[in-house]
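Chemist: Before I ask anything, let me first share the structure, which is written out below as C-alpha cells.
No lab work stands behind these numbers, since they all come straight from the coordinates. Owing to the predicted nature of the structure, the values given are computational and were not obtained by experimental measurement. No Cβ is skipped: glycine too gets one built from the backbone with ideal geometry, and neighbour counts run over all protein chains shown.
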Amino acid sequence: MTVTGAQLQEYLAGLDYPVSREDLIRWGQENGVSTETLQTLRSLPAEEFESPAELGDALNTLA
C-alpha cells in the first residue's frame, strides 16, 4: 500500500513550519509512523518547507 500525499499531510498536521526533511523524519520516528511513511519522508528533497502547501507540492512530485 502506498502512502498518498493527502494521507501524509494528515499525519503531519500540526507541525510548525518551516520544517526540514530531517525534522520530518525525526517527527515520524518519534510518533511511530510506518516504515513506508518514513521511506516517503526520506525521499523528499533535502530542503526546508515553508508551508503545508509547499510540503504537499513536494509530496505530490513523489507520486
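Chemist: About the Cα centre of segment 5-62, how large is the charge dipole given +1 on each Lys and Arg Cβ and -1 on each Asp and Glu Cβ? Please answer in debye to the nearest 20.
Modeler: 220 debye
Chemist: Determine, for each peptide in 41-48, 21-28, 53-60, the mean count of other beta carbons within 10 angstrom over its residues, then list the peptides with the highest first.
Modeler: Averaged packing, sorted descending, gives the order 21-28, 53-60, 41-48.
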